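Beneath this line is the structure, given in structure tokens, with notes to follow.
The values are calculated or read from the model by the stated rules, or taken from the named source; none is laboratory data. Source: prediction; values computed, not measured. Methodologically, a virtual Cβ is constructed for each residue, glycine included, from the backbone with ideal geometry; neighbour enumeration extends over all protein chains shown. Surface areas here come from the heavy atoms of the whole protein model, side chains and all, with no ligands, DNA or RNA. Shrake-Rupley method; radii C 1.70, N 1.55, O 1.52, S 1.80 Å.
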Amino acid sequence: MRRNILITGANRGFGYALVKEFIKCDDRVIAVVRKEEYVADLVKEFGDSIIPIVADIADDKAIQTINSILDKRVDCIDMIINNAGVTGKCHVINDLSTKEMEDVINVHCLAVIRTYQACKGHLKRSQKPMIINISSRLGSLSRMATGEFKNRKFSYSYRVAKAAQNMLSICMDQELKEMNIRVIAVHPGRLLTRSGAADADTTPTVGAQRFINWVNHYEEDNQTTYIEPGIETIPW
């Protein structure tokens, strides 16, 4: 059965790779992008298999924008993939601005809330609805506390935002699974994107293929999942 998959940050990097791979599976993708200029290329490449939505998920106005288009175009949403993200610049506390922290947390946490609120009615109409938050290994408090990433100059705000997003995933999953909606945190791998880490070793295409293979074989259980598909379950 053809699924309706909503992906944020769908115009480049991992988001774009997910769009391509889901469409290969004959799914329909609702591609949420920030700028109108991204729409023409997506429609030219994917045609009727894609429904573009221009919305800034860092702003509450996105809730109504997304919801109104979904009401006109689809009956249900089977999966939300909160992929859009930004990285911070500062890796030492003395240089860190509260504005940077605020902006990064907005995109990685508050935007997740906005997409859910925009789609909640459509999710309830799906037989097996899922929300997948694209997390990071850097959001693992356990791994961070061991010193695994010490002196790697990773962004303060990004690490904090991903840890907060992981907590949000746990809270949402515990609440929403009573409505048959599962929420999962996924680290897609060390991806070779423009914001990738120095030890990146996986192309977005390979990461997307692993992701979709995992999604297609997902077996539900009672635990909230934090995983790198095809590799490991990550400790919170």
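Identify the single condition in (1) open to solvent by less than 10 Å² (accessible area, probe 1.4 Å); (2) touching an Asp or Glu at 6+ places or on another chain (Cβ under 6 Å) that Lys162 does not satisfy, given that it satisfies every other one.
Lys162 satisfies all of (1) open to solvent by less than 10 Å² (accessible area, probe 1.4 Å); (2) touching an Asp or Glu at 6+ places or on another chain (Cβ under 6 Å) except (2).
Take region 204-217 and flag every residue that is in contact (Cβ under 8 Å) with a residue 40 or more places away in the chain and crowded, with 16+ Cβ neighbours inside 10 Å.
Hits for region 204-217 are Pro204, Thr205, Gly207, Ala208, Gln209, Phe211, Ile212, Val215.
Output the number of residues of region 170-191 satisfying the condition of being in contact with a Gly (Cβ under 9 Å, 6 or more places away or on another chain) and either surrounded by 20 or more Cβ atoms within 10 Å (Cβ to Cβ) or farther than 19 Å from Ser140 by Cα (or both).
Residues flagged as in contact with a Gly (Cβ under 9 Å, 6 or more places away or on another chain) and either surrounded by 20 or more Cβ atoms within 10 Å (Cβ to Cβ) or farther than 19 Å from Ser140 by Cα (or both) within region 170-191 amount to 5.
Could you list all residues from region 35-71 that are touching a Lys or Arg at 6+ places or on another chain (Cβ under 7 Å) and of a type in the set (Asp, Glu)?
Residues satisfying the conditions are Asp56, Asp60.
Can you name every residue in region 93-112 that is assigned to a helix (DSSP H, G or I), hydrophobic (A, V, I, L, M, F, W, C) and more than 26 Å from Thr8 (Cα to Cα)?
Ile93
Is it the case that Asp201 is at pLDDT below 95 and either of a type outside the set (Asp, Glu) or open to solvent by 80 Å² or more (accessible area, probe 1.4 Å) (or both)?
Yes, satisfied.
Report yes if Gln165 is under 14 Å from the mean Cα position of the chain (by Cα) and among the polar types (S, T, N, Q), otherwise no.
yes
Among the numbered criteria (1) more than 14 Å from the chain's Cα centre (by Cα); (2) crowded, with 17+ Cβ neighbours inside 10 Å; (3) within 22 Å of Asn11 (Cα to Cα); (4) modelled with pLDDT of 95 or more, which single criterion is violated by Ser157?
With respect to (1) more than 14 Å from the chain's Cα centre (by Cα); (2) crowded, with 17+ Cβ neighbours inside 10 Å; (3) within 22 Å of Asn11 (Cα to Cα); (4) modelled with pLDDT of 95 or more, Ser157 is out only on (3).
If the Cβ limit is 8 Å and pairs must be 6+ apart or interchain, which residue in region 173-189 that is at positive phi pairs with which residue that is among the β-branched types (Val, Ile, Thr) and in a strand (DSSP E or B)?
Gly189/Thr202
Restricting the first residue to region 29-53 and requiring it to be over 14 Å from Leu18 (Cβ atoms), which pairs with a second residue that is part of a strand (DSSP E or B) and of a type in the set (D, E, K, R) meet a Cβ separation below 9 Å and a spacing of at least six or different chains?
Asp48/Arg28; Ile51/Arg28
Here is a check on your reading of the model: is Ala163 in contact with a helix residue (DSSP H, G or I) (Cβ under 6 Å, 6 or more places away or on another chain) and either farther than 30 Å from Asp75 by Cα or among the aromatic types (Phe, Trp, Tyr) (or both)?
So Ala163 passes the test.
Which condition does His122 not pass, out of (1) in contact (Cβ under 8 Å) with a residue 12 or more places away in the chain; (2) of a type outside the set (Val, Ile, Thr); (3) within 22 Å of Asp221 (Cβ to Cβ), if it passes all the others?
Going through the list (1) in contact (Cβ under 8 Å) with a residue 12 or more places away in the chain; (2) of a type outside the set (Val, Ile, Thr); (3) within 22 Å of Asp221 (Cβ to Cβ), His122 breaks only (3).
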